[in-house]
1. Highest first, please rank the peptides 49-58, 22-31, 5-14 by the mean number of other Cβ atoms sitting within 10 Å of their residues.
2. Can you compute 3J(HN,Hα) from phi for each residue in region 22-39, using the Karplus curve 6.51 cos²θ - 1.76 cosθ + 1.60 with θ = phi - 60°, rounded to whole Hz and x for Gly and Pro?
3. Assigning unit charges at the beta carbon (Lys, Arg +1; Asp, Glu -1) and nothing else, what dipole magnitude in debye, to the nearest 20, does the chain show about its Cα centre?
4. Along the positive direction of the dipole of the chain (beta-carbon charges: Lys, Arg +1; Asp, Glu -1; about the Cα centre), which of 11, 38, 54 reaches farthest?
5. So, counting K/R as plus one and D/E as minus one, what does the shell of residues with Cβ under 14 Å around residue 29 add up to?
Amino acid sequence: MDDFHLWERELTPAEPPEDGRGEALLAGALTVVGCTGLILLGGTAAGVAGLVLAGVIGVLWRCGL
């Protein structure tokens, strides 16, 4: 690389990093759908436990822990 390319790269704004919210939303939605399906199929205790665990993980994630 010559000096011009290095200088041009410094002036070119970097792309903002993605925060991953879409992936987190998709994972949460799939978890809720899966646990609800488990409840509807008769696995009430496992479905409720999955929803509670997903809720606790979501709250801790939002708090930054």
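1. Numbers: 49-58: 13.8, 22-31: 11.8, 5-14: 8.1.
Ranked by mean Cβ neighbours within 10 Å, highest first: 49-58, 22-31, 5-14.
2. x, 5, 5, 5, 5, 5, x, 5, 5, 5, 5, 5, x, 5, 5, x, 5, 5
3. On the way: 3 positive and 8 negative charges, 158 e Å.
About 760 debye.
4. Positive-most Cα among the choices belongs to 38.
5. On the way: positive: 21; negative: 23.
Cβ neighbours under 14 Å give a net charge of 0.
Just so you know, all these numbers are worked out from the coordinates, no wet-lab data involved. Computed from a predicted model, the values in this text were never measured in an experiment. No Cβ is skipped: glycine too gets one built from the backbone with ideal geometry, and neighbour counts run over all protein chains shown.
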